[in-house]
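The values are calculated or read from the model by the stated rules, or taken from the named source; none is laboratory data. Quantities reported herein were computed from a predicted structural model and do not represent experimental measurements. Here the Cβ positions follow ideal geometry from the backbone for every residue, glycine too, while neighbour counts run over all protein chains shown.
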There are 2 protein chains.
Amino acid sequence: MSDDSDDHGNRDRDEESDDLEAVLTTVRDRVDPDADERGRLREVADRLTERAEAAATDRCADADVILVGSTARGTWTSGDRDIDVFVRFPPDLDRETLEEYGLAVGHATLPEGHEEYAEHPYVKGTVEGFDVDVVPCFRLESATEIQSAVDRTPFHNQYLRERLDDDLAADVRLTKQFLRGIGSYGSDLRTRGFSGFLTELLVCEYGGFRELLEAAREWHPQIELDPEDHGRETFGDPLVVVDPTDPERNVAAVCSEENVARLQHYAREFLEDPSVDYFDPVDPEPLTESELQNHLERRETTPIAVRFDAPNLVEDQLYPQLEKSIEGITSGLDDRGFKVFRGTAIADDAAVIFVELAVSELPAVERHEGPPVHVRGHAEGFYDAYTDDPDAYGPFIEGGRYVTERDREFTTAREFLESDRLFDVGLGAHIETALESDYEVLVEDEVTALLEEFGRELRQYFEPSPRR
Amino acid sequence: MSDDSDDHGNRDRDEESDDLEAVLTTVRDRVDPDADERGRLREVADRLTERAEAAATDRCADADVILVGSTARGTWTSGDRDIDVFVRFPPDLDRETLEEYGLAVGHATLPEGHEEYAEHPYVKGTVEGFDVDVVPCFRLESATEIQSAVDRTPFHNQYLRERLDDDLAADVRLTKQFLRGIGSYGSDLRTRGFSGFLTELLVCEYGGFRELLEAAREWHPQIELDPEDHGRETFGDPLVVVDPTDPERNVAAVCSEENVARLQHYAREFLEDPSVDYFDPVDPEPLTESELQNHLERRETTPIAVRFDAPNLVEDQLYPQLEKSIEGITSGLDDRGFKVFRGTAIADDAAVIFVELAVSELPAVERHEGPPVHVRGHAEGFYDAYTDDPDAYGPFIEGGRYVTERDREFTTAREFLESDRLFDVGLGAHIETALESDYEVLVEDEVTALLEEFGRELRQYFEPSPRR
């Protein structure tokens, strides 16, 4: 019996493995850059490195140039076009000179480039279809001496180059594509998912793509990994991966609980029933007007949207403000008795705070509890105020307190959203400014006006799945 | 300046006192029994006492008879018709014999009487318009030896007789009438107010009607009085008056927070602006149909009533069960998202749980939160169940948990109240039985059907005041 069932178990596992390997072979075929793509990248990268080196050593004999990022480590997936050129200057250079040299080297390397600003200014440009950043930094002995985040990048690069062999690099590519497919790739503040560096560390730590998924399937947050076993801090994040070059930093700090759960969910789904589908990002068709109508009739909620011109911000600034705004508006509605069922904030040229309400209309009166009758001064003031108010019911006594029923300020959610009291809720600063300039409130059927610009987002909203 | 304002203050106080005294004179005139009434009472009471004594000593040479209650202490208000005759037997008599003798004496004293049952059986009857109870009890040395509540009554009677002079007795009458006027007189479980004994103790303790009101005006619950300074227990009630004959008993245990607050409120109102009105119980006109319609249109709430045949119970059993039932129904509605605004339970031949809803209709879908994704067994079970359910939205992931949106069981409060799930909420036992037999649910305009039987109660509900 036990032999039989072992055999059976092994056969099942072998079949699964075959399925899984077949799927991975298909995906590798798609995501592994071929010799041609690798050659073209190397050619451009070498040329840029040489140009940068010449321009850098012209200015500072001690400067050097390194390639960093996924294209430098062989972990990029076919079609990625990012080349990151880091120009390192000695640490005794003052910051101002570093910035001056950095920009000069950048312009020499990318004559068509333009300046952007992160922690330092740097030059960005396009060369033969590749998106190239030329970034200055200090060359330090140890990552603990870093002066800004970019100084850490060469250490990250060094750490991973020492650990990623060709097999692991290939598994990093699979993992990145899997995370893209489920909507969890990227540490931008819209996604709050897994950064490239975090993905590479996880694959190194668990020893491969499949090994990572097998571990993730069983995760119990908080999950803590500390590759260099040097962590000294306590982190509150669901996933903690202590930076191998900085014991005080969690590489996964930005990764949300949702994305940890999403990876866990799809690790289970994929290992249970492997399919290439999981590696394809969802690209929903826009929701049609009749589909929207069907959902609204089916759900019997009251949809309501606040639409305004999106403030001109990068996504990493815009999305946190949109999130703060939808939280504020949700609280503002809930506090007034309008119950929010679910909602989402979306932005393109326009931005929309979209919520469905379970309760959108309320009685003309609201209960207003006064002080306990024994708190004499307050109690008498309250009683006198409302006993003389012809519009108020009561005061009467309940549980030792005065209670009155007075006119409710807003009997519909629309009235509240169209009033100045909307500005009493917590809104992102730039969202508040945008709303002060102009906004419109769309209720029930009026929300069909959103379909033209946000049909895809509305399909995702009305057909929710673990994927994003 | 200070002399002037002192004078002025005195003059105000004097005028107030004059007003107050004038009011009290009017009320005394009404509540003090005249010589004729006192004479008739004495005559009947003496005759009953003699009859009871003869019948008691016939059976037990050691028995004696005492009059107790307000008519025995001169604290009854004109028109009260209660005569309480207590027949005391020696404590070595066994209980069975006590009950046998007690009933025999009762029937001998009240030939037309009938038996009732409190802690012992006793005989009740009517003699020349007076309601007479003949109650057997043990004659004990001290109140600490009592075997049942009736044994305590002679000690209460003795205690008050020693302390109530004519002036205090007159002030007890005023106080009782004041408490009647504001709706707080009586320790029955419908009123949960001030019992006669409690009222007499309070007047004794504070030294009069006005003194009681002046103290009550400043009360800060918990208020604790311990006339004999022998309390050893800690009580949780808002008003504590330790029984002078039993250190472990709070005479005010049944007195609700509302009634304490109500006395406090009207103490302030009355002392501020004395008027005989406060001594007149409210007797509202029935609410008319057009008035009810006006209130409903004004308030924009949704009234809903559960009407059924009142179970055949004494009020002290019925009202606690009605209260439990309205609390259970309120929780049942609130838990399902139907928000109760205010409500009341009323009973006569029919009984009604009447509530106004702020929210009476909800969407077809409800949010249903599943387990955290990391709780693997539960999480997979939840996901599999709902992902295959064509009527459910999702599951999707929020805050690390699976969430689905599924059909709501009840989208209207009426559906819930008309369903068997009504019996899942906490209902009084006899109310549950009554509802099992039959009930009807009235919504919105249908509640006008209640006006015929409960017009007075509905006026009190829709025109709430501190008074009751």
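Descriptive notes on the structure:
- The conditions of being touching a residue at least 24 places away in the same chain (Cβ under 8 Å) and within 12 Å of another protein chain (Cβ to nearest Cβ) are met by residue A:258.
- Test: residue in region B:310-330 that is part of a loop (DSSP other than H, G, I, E, B), surrounded by fewer than 20 Cβ atoms within 10 Å (Cβ to Cβ), within 14 Å of another protein chain (Cβ to nearest Cβ) and of a type outside the set (Lys, Arg): no
- Residues satisfying the stated conditions in region A:132-149, i.e. buried (at least 19 other Cβ atoms within 10 Å of the Cβ) and not in a strand (DSSP E or B): A:143, A:146
- Matching entry among B:24, B:67 (being of a type outside the set (Val, Ile, Thr) and not assigned by TED's automatic domain parsing to the domain that holds residue B:122): B:24
- Residue selected from region B:338-357 under the condition in contact (Cβ under 8 Å) with a residue 40 or more places away in the chain and in a loop (DSSP other than H, G, I, E, B), by the criterion surrounded by the fewest Cβ atoms within 10 Å (Cβ to Cβ): B:349
- Those residues of region A:364-412 which are within 11 Å of chain B (Cβ to nearest Cβ), assigned to a helix (DSSP H, G or I) and of a type outside the set (Phe, Trp, Tyr), in sequence order: A:376, A:379, A:380, A:384, A:387
- Unique match (being outside any helix (DSSP H, G or I) and at pLDDT 95 or above) among A:27, A:44, A:87, A:23: A:87
- Test: residue in region B:421-438 that is of a type in the set (S, T, N, Q) and closer than 27 Å to residue B:292 by Cβ: no
- Whichever residue in region A:418-443 is outside any helix (DSSP H, G or I) and among the hydroxyl-bearing types (Ser, Thr, Tyr) and, among such residues, is farthest from residue A:321 (Cα to Cα): A:419
- Qualifying residue in region A:283-290 (condition: more than 14 Å from every other protein chain (Cβ to nearest Cβ), among the polar types (S, T, N, Q) and within 25 Å of the chain's Cα centre (by Cα)): no
- Restricting attention to region B:105-146, the residues that are touching a helix residue (DSSP H, G or I) at 6+ places or on another chain (Cβ under 7 Å), of a type in the set (D, E, K, R) and closer than 29 Å to residue B:228 by Cα add up to 1.
- Scanning region B:123-172 for residues that are of a type in the set (Phe, Trp, Tyr) and touching a Phe, Trp or Tyr at 6+ places or on another chain (Cβ under 7 Å) gives a single hit, B:138.
- Filter result (hydroxyl-bearing (Ser, Thr, Tyr) and touching a strand residue (DSSP E or B) at 6+ places or on another chain (Cβ under 6 Å)) within region A:121-170: A:122, A:153
- Taking the conditions (1) more than 18 Å from the chain's Cα centre (by Cα); (2) within 22 Å of residue B:316 (Cβ to Cβ) in turn, residue B:250 satisfies each one other than (1).
- Exactly one residue among A:254, A:240, A:282, A:276 is under 16 Å from residue A:178 (Cα atoms) and either polar (S, T, N, Q) or at pLDDT 95 or above (or both), and that residue is A:276.
- For the criterion of being acidic (Asp, Glu), buried (at least 20 other Cβ atoms within 10 Å of the Cβ) and either touching a residue at least 40 places away in the same chain (Cβ under 8 Å) or in contact with a strand residue (DSSP E or B) (Cβ under 9 Å, 6 or more places away or on another chain) (or both), residue A:200 passes.
- Count - residues of region B:177-204 that are touching a Gly at 6+ places or on another chain (Cβ under 7 Å) and part of a helix (DSSP H, G or I): 1
The rows are residues; the columns are (1) in the same structural domain as residue A:264 (by TED's automatic domain parsing); (2) surrounded by 16 or more Cβ atoms within 10 Å (Cβ to Cβ).
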| position | (1), (2) |
| --- | --- |
| A:151 | no, yes |
| A:154 | no, yes |
| A:157 | no, yes |
| A:169 | yes, yes |
| A:175 | yes, yes |
| A:179 | yes, yes |
| A:182 | yes, yes |
| A:185 | yes, yes |
| A:188 | yes, no |
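- Note on region B:208-249: residues that are more than 14 Å from every other protein chain (Cβ to nearest Cβ), surrounded by fewer than 14 Cβ atoms within 10 Å (Cβ to Cβ) and assigned to a loop (DSSP other than H, G, I, E, B) amount to 6.
- Checked against the criteria, residue B:415 counts as under 25 Å from residue B:308 (Cβ atoms), in a helix (DSSP H, G or I) and more than 10 Å from chain A (Cβ to nearest Cβ).
- Residues of region A:117-131 that are at pLDDT 90 or above and assigned to a strand (DSSP E or B): A:121, A:122, A:123, A:124, A:125, A:126, A:127, A:130, A:131.
- When region A:331-363 is limited to residues that are β-branched (Val, Ile, Thr) and under 30 Å from residue A:398 (Cα atoms), the one that is farthest from the other protein chains (Cβ to nearest Cβ) turns out to be A:340.
- Candidates B:434, B:385, B:429 - the one that is of a type outside the set (Asp, Glu), surrounded by fewer than 20 Cβ atoms within 10 Å (Cβ to Cβ) and assigned by TED's automatic domain parsing to the domain that holds residue B:321: B:429
- From B:421, B:459, residue being within 14 Å of chain A (Cβ to nearest Cβ) and either in contact (Cβ under 8 Å) with a residue 60 or more places away in the chain or more than 24 Å from the chain's Cα centre (by Cα) (or both): B:459
- Of all the criteria given as (1) surrounded by 15 or more Cβ atoms within 10 Å (Cβ to Cβ); (2) in a helix (DSSP H, G or I), the one not satisfied by residue A:293 is (1).
- Selection status of residue B:308, aromatic (Phe, Trp, Tyr), out of contact with any Cys (no Cβ under 6 Å at 6 or more places or on another chain), modelled with pLDDT of 95 or more and in the same structural domain as residue B:435 (by TED's automatic domain parsing): yes
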